[in-house]
1. Say whether the condition of being β-branched (Val, Ile, Thr), in contact with a strand residue (DSSP E or B) (Cβ under 9 Å, 6 or more places away or on another chain) and free of Cβ contacts under 8 Å to residues at least 40 places away in the same chain is met by at least one residue in the range 40-52.
2. For TYR24, indicate whether it is without any contact (Cβ under 8 Å) to a residue 40 or more places away in the chain, loosely packed, with under 13 Cβ neighbours inside 10 Å and closer than 15 Å to TYR67 by Cα.
3. Looking at this structure, is ASN45 on the phi < 0 side of the Ramachandran plot and open to solvent by 30 Å² or more (accessible area, probe 1.4 Å)?
4. Only residues that are closer than 13 Å to LEU54 by Cα and acidic (Asp, Glu): list them for the range 8-41, please.
5. Can you find even one residue in the range 65-83 that is out of contact with any strand residue (DSSP E or B) (no Cβ under 8 Å at 6 or more places or on another chain), modelled with pLDDT of 90 or more and exposed (fewer than 11 other Cβ atoms within 10 Å of the Cβ)?
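The values are calculated or read from the model by the stated rules, or taken from the named source; none is laboratory data. As the structure is a prediction and not an experimental result, all values here were calculated from the model. Note: ideal-geometry Cβ built from the backbone for every residue, glycine included; neighbour counts use all protein chains shown. Please note that ligands, DNA and RNA were not included when accessible areas were found on the heavy atoms of the full protein model with its side chains. Shrake-Rupley method; radii C 1.70, N 1.55, O 1.52, S 1.80 Å.
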Amino acid sequence: MRNTKQSSLVLDIVNKSCNHPTAYDVYMESIKIIPNISLTTVYRNLNKLVEKRLIQRFELKDNIVRYDKDTCHDHFICVKCSKIIDL
């Protein structure tokens, strides 16, 4: 994966987030820095970062997908509301 400005930004946003953001959350933060970035670019970079194991993807019920930094920690995921809590 090329280290582009967009991929670096997406990685930085996920790594600094404490709330396990969705792709849309990452997109909303990204446009503050790169106003012309597209949601497609954010999705593409999130997928590449997951493939490279630089971030984690959580696929929850109702097709909700959230992301987290790839550090060694466990999670509690509520089966009713899909809330993710770091342990």
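1. Our first condition is that a residue be β-branched (Val, Ile, Thr); within the range 40-52, this holds for 40-42, 50.
Subset that is in contact with a strand residue (DSSP E or B) (Cβ under 9 Å, 6 or more places away or on another chain): 50.
Filter again for free of Cβ contacts under 8 Å to residues at least 40 places away in the same chain, leaving 50.
Yes.
2. Details: without any contact (Cβ under 8 Å) to a residue 40 or more places away in the chain: yes; loosely packed, with under 13 Cβ neighbours inside 10 Å: yes; closer than 15 Å to TYR67 by Cα: yes.
Against the criterion (without any contact (Cβ under 8 Å) to a residue 40 or more places away in the chain, loosely packed, with under 13 Cβ neighbours inside 10 Å and closer than 15 Å to TYR67 by Cα), TYR24 qualifies.
3. Spelling it out, it is not the case that ASN45 is on the phi < 0 side of the Ramachandran plot and open to solvent by 30 Å² or more (accessible area, probe 1.4 Å).
4. Correct list: ASP12 only.
5. Looking for residues that are out of contact with any strand residue (DSSP E or B) (no Cβ under 8 Å at 6 or more places or on another chain), modelled with pLDDT of 90 or more and exposed (fewer than 11 other Cβ atoms within 10 Å of the Cβ), one finds none in the range 65-83, hence no.
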